[in-house]
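Here the structure comes first, spelled out in structure tokens, and everything after it is commentary.
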Amino acid sequence: MPETKTKKQKKTKKVKHRSGRRIFRGIFFLLISGLILGIIVYVPFFTLKEIKLTGASYLTKEDIMKIANIYPGEPLFELETDQVAGRLSNDLRIEEVTVRRDLPSALEVTIKERKPVATIVCDYGYLDLDRNGKVIDSYKTLKTMQIPMITGATVRDLYIGDDVDDETIKNVLTFLQKLDEASLNKLSEISIKDGNYLVAYTNTDKAVQIRIGKLERIEEKARLTEDFLKDLESNPHAVEYVDFNYTAPFIKLAK
């Protein structure tokens, strides 16, 4: 019996000794891991220096940093990509977004924008409208944009996130959204005249009038506008205006 107890005591000591070594190794491993993690997180090599932005036509890298509330020099591993993406997706100008780290010093941001189709004057500056008439941006000083300005109408008390309820303006947007992006970018202005009569102007050196007229036969007039704008680039003759109010478009050449 004494021998049996001695063997059990020895086994117990060995088990305790092994457990102690395991605990020490575990603590040592945690300390080393924490040290490595701290070096990775805070070493200047892994700080934000660049935004790699894809999918943007209107928003800039500076816009992205401002919206996401991120700044150059921040530790890259302290930036939670899900939180950055969440802040960006809250901006009405952004429809979809993905964010990922690109070591050692960049964030890759891929977005799909809500594209503005027109700018309009408001009581405190200018508004950008999407195809549904939603205000997706506002500013006091007119920006250089490759989208037409709606003139002949002014909106009041509208802010980002609001919707235009003016039927004439909504009809203009219905026409504009049927144009492809290349055609839309070639128009500088679309003017609402008396009786909801529309006239568009090209952004060429010498503006050409496109007399759209009343908003009827919208699909046809949008197609004719696209075709005219494509042909205008290669047309050897100077054009004063084109009129789509007739069954066949009438083109008036400049003198």
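The values are calculated or read from the model by the stated rules, or taken from the named source; none is laboratory data. What you see is a predicted model, and the numbers here were worked out from it, not measured in a lab. Because the Cβ atoms are built from the backbone with ideal geometry, glycine has one as well, and the counts that use them run over all protein chains shown.
Evaluation of GLY86 against the conditions (1) under 26 Å from PRO148 (Cβ atoms); (2) at pLDDT 90 or above shows that the sole unmet condition is (1). Residues of the stretch 180-192 that are outside any strand (DSSP E or B) and within 17 Å of ILE120 (Cβ to Cβ): LEU184 alone.
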